[in-house]
Amino acid sequence: MSKNKIDSRRRQAVAKWEKLRNNPVPFIYIGAGSCGLAAGAAETQAAVEEYLKRKGIDARIIQVGCIGPCYLEPLMDVQMPGRERISYGNVMAKDVARILHAFFDDGEIPKDHLAGHFGEGELDGIPSFYDLPMLKPQVRIVLRNCGIIDPDDIDHYLARDGYKGFEKCLSMTWMDVLDIVKRSGIRGRGGAGFPTWRKWETCRNTESDQRYLICNADEGDPGAFMNRSLIEGDPHCVLEGMLIAAYTIGASQGYVYIRAEYPLAIKRLKTAIGQMRELGFLGPSILGSDFSFDIKIKEGAGAFVCGEETALIASIEGKRGMARTRPPFPAVSGLHGKPTIINNVETLGTLANILRNGPEWYAGFGTETSKGTKTFSLVGKVRRTGLIEVPLGIKLREVIYDIGGGTQKPFKAVQSGGPSGGCLSEEFLDLPIDYEHLAEAGAIMGSGGLIVVDSDTCIVDMAKYFMSFTQKESCGKCVPCRVGTRHMVEILEKVCDGKAVLADLDKLEKLALTVKNGSLCALGGTAPNPALSTLKYFRPEFISHVKDKRCPAVSCKNLVVYRIIPGKCTGCQRCVKVCPTGAISGPRSEPHNLDKSKCIKCRSCYEICRFDAIAGDAIIIES
Amino acid sequence: MANGGLFAIMQEFKGERGDLIPILQRAQDLDGYLRPEAIRSISRWLKISENEIYGVATFYAQFRFHPPGRHHLKVCLGTACHVKGGEQILAMTKQRLGVDTGQTTADGNFDLDRVACLGCCALAPVVAVDNKIHSQMSVLKIQKLLDEQKQD
């Protein structure tokens, strides 16, 4: 398709989008990202369909991606003809009829479950969605379309200036594009923060008949889902970024390497790639230029190490995903020995925005050395969990308290950067989030997982968790990583079981440094970070496990006991029924007995006691 | 299942080394696991030794070498699920089903896996049954879920 045809298609798309804004029939938007679906969005949608059918109402249902505040899932937005789009949170199937009834029968805007509206300012006392405490401090650049557009409809993307960044590229030389990316100051969003332009320049300047571009969507960090949400909510922005990158480095073949655990994201990508091909954004001579490019999807088969560049390449080549020594860097010799650029989903998703709005605009966000915005998945024990995008340099406190709403129990730590990152204690709350400050504190930016933990979480257990994760995921090629991580896990297990001695902690630290310095790739090189940072900032907690045989968070199974408080127990027998081992006994209406030798500490009795609240908290766990 | 389906799949590929993992994935979709016969056919066709194919396949967590159960149960132990009590949910599931992770129950009803992250961290802890994700689980909710599945 030529440039002229694209322009006319865009005009149609804009008209379609305007029509969507001045909708002739009511529109109902359902947040149908993976997390929305997990929260029950499919049931909510079925209830909406059922309601509309029963009432004979002509309305359209549009599935959108994740807008961010996962704690409000499932989200349902209602837009009456010519009115603003109004968002409702935690809408379960049973709530649908009541909300829709108010709109359609009473002509009112129901206040129940109300989250906000998508227009400007205040509307009949309804706050703007973007003024919600979780949204207000955010700057949405990469996520600008997520939850707003239908990700399966390329026209929505086109109408919101989609592919304009790429079109601008085509009118420039690759050197001009490289210069724009350089001036924007964007650094790789996959974790290491290497300047994007420098990698590209190396690749372009390497003589070769073939170059490759790979989009790294192997989001393996447990606790991180930014890339999944972005692809599910706005696949075209990532694909447009791939076009821009491929044009600059001179690649003719691209791959998206994506986790097989993300079926919805893969489906959305496939649809989007089909649409690009149809409109001539992929294939030979794109938009009449001499630039040709195509994209293939490669599904990862479940290996964390494949997020590492050289292991990822080995996996695409059909081999075991094992890292190799660098140099040569993939930018010089990568896939099939050809120059290859591997960029993270978020890096690619940002590019079109930089091209459209200019590098100075982008560099206006963030700090001197860390420009722009970064998406984070804010999860764990915060009140408001979800996907956020903030300018770099923002303080941890603002993210955890202003956006996340703080923790219910006292804040203990925030873990940044997944299994390669570190745990930061309260004293770091005023630390600006940028590449340098996080690294200095012993954590890393990583891909953007922020896991907040409170006083209920045992920090030793947390370190053990991450170490056993990297130990399992170690590819086994080099000894420090393969053997060292295993021994580190064993020591941490001893600490959690109350069987360690103080000398073990020194051994752990020494071993950690060996693994850190002696490993071949970043997996081993960063694997000890969780152990090192927790030892540094939370040593007293380790010591109380070792010396007092106590777990202050009352979490380590072998250091806690379950006890029934006779004065509080009403003898309701609920715990007797749920106990899987018959450890609790006693007649009705009399305080029950708990046989500690039979107790497997499964927590069932504790949960049912609190849940049914007849006796309330008659069962306690103590250390 | 006969190898007919597998041959049809292989037709879609060029037969390059890089096709190995996608073919294994498709073969597993077909049978639910990697049958030794399927690996033999793939080996002959791609001219890669069976030994090497097993080497690649066992490296990746996705591949199974035993027939799966009727329901596929995955307990998520990503970081968020872990801090919100995922371990206890896994322990309870193991106890109720009488199997360890990577195994299938004697009646062939369930197979159990632990996974690193399903990407629904904001709704932790989560459990997936046949790709349907159940959010904000507890040791009580998982028991109810297992009971419901048994009745199906």
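Could you please find all residues in region A:142-154 being buried (at least 21 other Cβ atoms within 10 Å of the Cβ) and either farther than 26 Å from A:G406 by Cβ or assigned by TED's automatic domain parsing to the domain that holds A:E278 (or both)? Quick ask: steps written out before the conclusion?
Let us first name the residues in region A:142-154 that are buried (at least 21 other Cβ atoms within 10 Å of the Cβ), namely A:142-143, A:145-147, A:149, A:151, A:154.
Once the filter is applied, which keeps residues that are buried (at least 21 other Cβ atoms within 10 Å of the Cβ) and either farther than 26 Å from A:G406 by Cβ or assigned by TED's automatic domain parsing to the domain that holds A:E278 (or both), region A:142-154 yields A:N145, A:I149, A:P151, A:I154.
Residues in region B:9-30: is at least one away from chain A (no Cβ under 13 Å), closer than 30 Å to B:N109 by Cβ and not in a helix (DSSP H, G or I)?
There is no residue in region B:9-30 that is away from chain A (no Cβ under 13 Å), closer than 30 Å to B:N109 by Cβ and not in a helix (DSSP H, G or I).
Is it true that A:R228 is crowded, with 22+ Cβ neighbours inside 10 Å and either more than 28 Å from the chain's Cα centre (by Cα) or within 17 Å of A:G300 (Cα to Cα) (or both)?
On the way: crowded, with 22+ Cβ neighbours inside 10 Å: yes; either more than 28 Å from the chain's Cα centre (by Cα) or within 17 Å of A:G300 (Cα to Cα) (or both): yes.
Yes; evaluated as a whole, the condition is true for this residue.
So for region B:49-57 (the condition being more than 14 Å from chain A (Cβ to nearest Cβ), touching a helix residue (DSSP H, G or I) at 6+ places or on another chain (Cβ under 9 Å), acidic (D, E) and over 30 Å from A:L335 (Cβ atoms)), does at least one residue qualify? Step through it out loud before you land on a result.
From region B:49-57, those more than 14 Å from chain A (Cβ to nearest Cβ) are B:50; that's our starting set.
Now narrow it down to the ones that are touching a helix residue (DSSP H, G or I) at 6+ places or on another chain (Cβ under 9 Å): B:50.
Filter again for acidic (D, E), leaving B:50.
Filter again for over 30 Å from A:L335 (Cβ atoms), leaving none.
The answer is no, given that none of the residues of region B:49-57 is more than 14 Å from chain A (Cβ to nearest Cβ), touching a helix residue (DSSP H, G or I) at 6+ places or on another chain (Cβ under 9 Å), acidic (D, E) and over 30 Å from A:L335 (Cβ atoms).
Considering every residue within region A:50-60, establish whether at least one is in a helix (DSSP H, G or I), of a type in the set (D, E) and either farther than 21 Å from A:M226 by Cα or at pLDDT 90 or above (or both).
Residues of region A:50-60 in a helix (DSSP H, G or I): A:50-55.
Narrowing further to those that are of a type in the set (D, E): A:50.
Still in the list and also either farther than 21 Å from A:M226 by Cα or at pLDDT 90 or above (or both): A:50.
So far as region A:50-60 goes, yes, one or more of its residues are in a helix (DSSP H, G or I), of a type in the set (D, E) and either farther than 21 Å from A:M226 by Cα or at pLDDT 90 or above (or both).
Filtering region A:481-510 down to residues that are more than 23 Å from A:T457 (Cβ to Cβ) and surrounded by 21 or more Cβ atoms within 10 Å (Cβ to Cβ), which residue is nearest to the chain's Cα centre (by Cα)?
A:C481
Can you tell me which residue among A:D150, A:D155 is of a type outside the set (A, V, I, L, M), in a loop (DSSP other than H, G, I, E, B) and over 25 Å from A:A363 (Cα atoms)? Working first, answer last.
On the way: A:D155 fails: in a loop (DSSP other than H, G, I, E, B).
Answer to the check: A:D150.
For region B:31-46, check the following and say yes or no: at least one residue is outside the structural domain of B:L118 (by TED's automatic domain parsing) and in contact with a His (Cβ under 8 Å, 6 or more places away or on another chain).
Of region B:31-46, the ones outside the structural domain of B:L118 (by TED's automatic domain parsing) are B:31-46.
Those still in the list that are in contact with a His (Cβ under 8 Å, 6 or more places away or on another chain) too: B:33.
Scanning region B:31-46, I find at least one residue that is outside the structural domain of B:L118 (by TED's automatic domain parsing) and in contact with a His (Cβ under 8 Å, 6 or more places away or on another chain), so the answer is yes.
When region A:168-206 is examined, which residues are found to be assigned to a loop (DSSP other than H, G, I, E, B), more than 26 Å from the chain's Cα centre (by Cα) and in contact (Cβ under 8 Å) with a residue 24 or more places away in the chain?
Matches in region A:168-206: A:T206 only.
Only one of these conditions is not met by A:S252: (1) within 21 Å of B:V115 (Cβ to Cβ); (2) surrounded by fewer than 24 Cβ atoms within 10 Å (Cβ to Cβ); (3) small (G, A, S). Which number is it?
All conditions are met except number (1).
Could you tell me which residue of region A:373-390 is nearest to the chain's Cα centre (by Cα), considering only residues that are away from chain B (no Cβ under 14 Å) and either more than 17 Å from A:P133 (Cβ to Cβ) or of a type in the set (S, T, Y) (or both)? Give the steps one after another, and end with the answer.
Let us first name the residues in region A:373-390 that are away from chain B (no Cβ under 14 Å), namely A:373-374, A:389-390.
Then drop every residue that is not either more than 17 Å from A:P133 (Cβ to Cβ) or of a type in the set (S, T, Y) (or both), which leaves A:373-374.
Details: A:T373: 15, A:K374: 11 Å.
Top of the filtered list is A:K374.
Among the numbered criteria (1) part of a loop (DSSP other than H, G, I, E, B); (2) of a type outside the set (A, V, I, L, M); (3) more than 10 Å from chain A (Cβ to nearest Cβ); (4) over 30 Å from A:V382 (Cα atoms), which single criterion is violated by B:S41?
Checking B:S41 against (1) part of a loop (DSSP other than H, G, I, E, B); (2) of a type outside the set (A, V, I, L, M); (3) more than 10 Å from chain A (Cβ to nearest Cβ); (4) over 30 Å from A:V382 (Cα atoms), the one that fails is (1).
Check every one of the helices (runs of 4 or more DSSP H) wholly within region A:294-403 and list those with 1 or more residues that are over 19 Å from A:N216 (Cβ atoms).
Details: elements: A:309-316, A:345-357, A:359-363.
Qualifying helices (runs of 4 or more DSSP H): A:345-357, A:359-363.
The values are calculated or read from the model by the stated rules, or taken from the named source; none is laboratory data. Just so we're clear, the structure is a prediction, and the values are computed from it rather than from any experiment. We place every Cβ from the backbone using ideal geometry, glycine too, and count neighbours over all the protein chains shown.
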